[in-house]
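Taking it in order: structure first as structure tokens, then the write-up.
Every number in this text was worked out from the coordinates using simple rules, so none of it is lab data. Just so it is clear, the structure is predicted and the values come from calculations on it, not from any experiment. So basically every Cβ, Gly included, is an ideal-geometry build from the backbone, and we count neighbours across all protein chains shown.
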Amino acid sequence: MARFSPIGDVLWPRTAPASEITQALQGDEDCEVCIVGGGYCGLHTALDLAQQGRKVVLLEGEEIGFGGSGRNAGHCTPTFHHHALQNLRDMLGARRADRLIALQLEAADRIGEIVRHHQIDCEWVQNGYVMCASSPRKLTALKARRDSYNAAGQSTRLADTDEVRALTGMEGQYGGWVHPGGAHLNPMGLSRGLARAARGHGARLFVNTPVTGAARSGALWQVTTPTGRVHADRVIFATGAYTRGGWPGLDRSFRIMRVMVAATRPVPEATDVLPANVTAHDGRGNILVYKRDEFGRIVASMFPRLRQSRASMLDLMTRRLRFHHPGLPDPLGWECIWTGELDMQQRTIPRLYRLDEGAVAVTGLSGRGVPTGYTVGKILADWANDKAEGDLALPLEPLAPAPPYMAFAPQIALRVYEIGDRIIEWRDGQPRRP
């Protein structure tokens with residue numbers, strides 16, 4: 001049984017331009033690099049290599065953007081989800097980490113350039129990202145975040161309560177961290193646009209073509225599908241959380257964590273919600289992140305607790321929004337509700353696996369896919385171009401299963417964050433928040 005929510009539940013395929021990639025593989029194809037997976041990682045890699053004149057074939061088991069690249073909440077925040085920048089240097093070594101940090105921090109700007117250059121219709125808006133402080137003491141952590149990102153070349157700032165209200169319309173906040181480089185978009189529009197751009201540069205892309213295996217055949221790799229084969233010098237698996245077969249054990253290198261995304265009906269009358277058209281993060285442990293789409297919908301996301309019903313989660317999301325925006329219409333009118341799947345592992349940064357000579361895989365984007373897909377695409381293109389292993393922005397590791405505790409650790413962490421928020425509210429004498 002598929003664990004993925006139906007793509008038909010998702011807003012983005014309905015409002016994005018139609019996909020131009022509709023052909024399944026039939027017969028044999030020869031190329032230099034075969035990419036498995038039609039999400040951001042695979043598409044950015046295909047576009048980068050095709051622009052360099054490399055012969056590329058990309059195989060997607062469903063449709064372009066079927067996975068997280070077509071169903072995420074539409075935020076492009078060029079930061080790291082869990083780790084402070086110094087943590088990354090401690091983990092990877094300063095030289096490698098600084099390469100990774102540079103790629104990630106420039107990702108939104110580079111994606112914006114790609115969108116403009118290739119005329120990708122994806123509702124791209126780069127008005128900034130605001131991470132709010134839900135208590136006075138959280139401003140200290142945001143100050144440290146500002147200082148570390150600015151030391152790495154960014155121009156971020158702290159905002160006071162009035163500026164946060166002016167940017168987001170949110171009540172009940174104590175200031176926030178403003179990253180001007182943050183953007184938001186229609187994720188499926190970006191996926192389909194990247195695919196069109198890659199094909200325009202000579203890459204051959206095939207959909208409805210699941211990969212059933214890959215094996216050496218002489219000096220080449222033979223990638224097999226139900227309707228054909230691809231013969232390639234190199235193979236890249238970039239299927240992430242939506243991995244189903246293709247390479248033994250790859251689907252065990254991560255554990256799934258779900259995120260719920262919901263979109264309201266268009267509410268142009270709610271003029272106090274995100275008046276500056278930024279992306280907003282409410283600063284809580286179980287974060288509420290939201291934006292407005294081109295048509296005036298509010299699109300919000302949160303992590304559901306284990307076995308929490310969709311109705312209960314939607315009620316919580318509604319109450320959280322109303323806490324910050326008391327003037328929202330009633331009923332709010334949720335138009336689309338869906339879940340996304342995150343490929344979580346213990347380091348919460350992407351993992352690059354050496355499968356065999358000339359074959360690699362990447363998993364573990366862990367919920368920061370729009371900018372990280374660009375970052376990983378650059379790293380995969382470097383690998384395909386024979387960049388020295390020590391100069392890659394991620395280390396090549398042996399494929400290994402995620403530790404058993406990852407089946408429950410993210411949910412425990414979520415609960416700990418929620419309890420921590422309650423303790424801070426109690427200590428600060430705040431009213432209990434939803």
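Decide, for segment 1-141, between rounded, prolate and oblate: order the square roots of the alpha carbon gyration tensor eigenvalues as a ≥ b ≥ c, take rounded if a/c falls under 1.5, and otherwise choose prolate if a/b is larger than b/c, else oblate. Cα axes put segment 1-141 in the prolate bin. Taking N as the residue count of segment 319-389, its C-alpha radius of gyration divided by 2.2 N^0.38 Å amounts to 1.76.
Would you mind checking segment 12-44 for residues with the amide N under 19 Å from a putative spin-label position 7 Å along Cα→C-beta of Met91? Residues passing the 19 Å test: 41. How big, in percent, is the set of alpha carbon pairs in the chain lying more than 28 Å apart? Value for the chain (Cα pairs over 28 Å): 47 percent. Around the Cα centre of segment 88-132, unit charges on the Cβ atoms of Lys, Arg, Asp and Glu (plus for the first two, minus for the last two) sum to a dipole of about 300 debye. Sites listed here are trypsin sites (Lys or Arg not before Pro) in segment 120-195 whose DSSP assignment is loop and whose Cβ has at most 14 other Cβ atoms within 10 Å: Arg137. Temperature 37 °C, viscosity 0.692 mPa s: under these conditions the Stokes-Einstein estimate for segment 58-165, based on its Kirkwood radius over C-alpha pairs, is 200 µm² per second.
The ranking of Tyr174, Tyr129 from fewest to most other beta carbons within 10 Å of each one's beta carbon is Tyr174, Tyr129. A simple packing score, the average count of other Cβ atoms within 10 Å per residue, orders the peptides 103-115, 227-239, 245-257, 299-311 as 227-239, 103-115, 245-257, 299-311, with the highest score first. In the calculated pair-distance distribution of segment 195-308, the portion above 24 angstrom amounts to 55 percent of the Cα-Cα pairs. Segment 287-302 and segment 144-196 have Cα centres separated by 14 Å. Normalised by the number of residues in segment 296-400, the mean separation of alpha-carbon contacts (under 8 Å, six or more apart) gives a relative contact order of 21 percent.
Based on Cα contacts under 8 Å between residues 6+ apart, the chain shows a relative contact order of 24 percent. In the chain, helical runs assigned H by DSSP with n ≥ 4 each contribute -39500 (n - 2.57); averaged across all residues and rounded to the nearest 500, the mean residue ellipticity at 222 nm is -10000 deg cm²/dmol. For segment 290-434, the Stokes-Einstein estimate of translational diffusion at 4 °C and a viscosity of 1.567 mPa s comes to 69 µm²/s, using the Kirkwood hydrodynamic radius over alpha-carbon pairs.
Just list whichever of Lys55/Lys378; Lys143/Lys291; Lys143/Lys387 have alpha carbons separated by over 26 Å in the model shown. Going by Cα-Cα distance, Lys143/Lys387 fall outside the 26 Å limit.
Beta bridges from DSSP with both residues in the chain: antiparallel share about 65 percent, rounded to the nearest 5. According to the Kirkwood relation over distinct C-alpha pairs, the hydrodynamic radius of segment 1-83 is 14.8 Å. With each label modelled as a point 7 angstrom along the Cα→C-beta vector, the Arg157-His82 pair spans 3.3 nm. Put a plus charge on the Cβ of each Lys and Arg, a minus charge on the Cβ of each Asp and Glu, and nothing anywhere else: the dipole of segment 1-86 about its Cα centre is then about 400 debye. A protection proxy built from the mean count of other Cβ atoms within 10 Å ranks the segments 179-189, 260-270, most packed first, as 179-189, 260-270.
Over all projection directions, the Cα-based convex hull of segment 111-244 averages an area of 12.4 nm². The simple Förster model, with R0 at 22 Å and r as the Cβ-Cβ distance, assigns Arg216 and Asn385 a FRET efficiency of 0.55.
With contacts taken as Cα pairs under 8 Å and at least 6 residues apart, segment 259-352 reaches a relative contact order of 40 percent. Projecting the Cα atoms of Leu328, Gly202, Ala97 onto the charge dipole of the chain (Cβ charges, centred on the Cα centre) puts Leu328 farthest toward the positive pole.
For segment 259-318, the normalised intensity computed at q = 0.12, 0.14, 0.16 Å⁻¹ comes to -0.30, -0.40, -0.52 (log10 of I(q)/I(0), Debye sum over alpha carbons, equal scatterers, no solvent). Each residue of segment 220-262 gets 107 Å³ once the volume of the Cα convex hull is shared out per residue. Above 14 Å lies some portion of the pair distances; for segment 143-218, what is it as a whole percent of all C-alpha pairs? More than 14 Å apart: 76 percent of the Cα pairs in segment 143-218.
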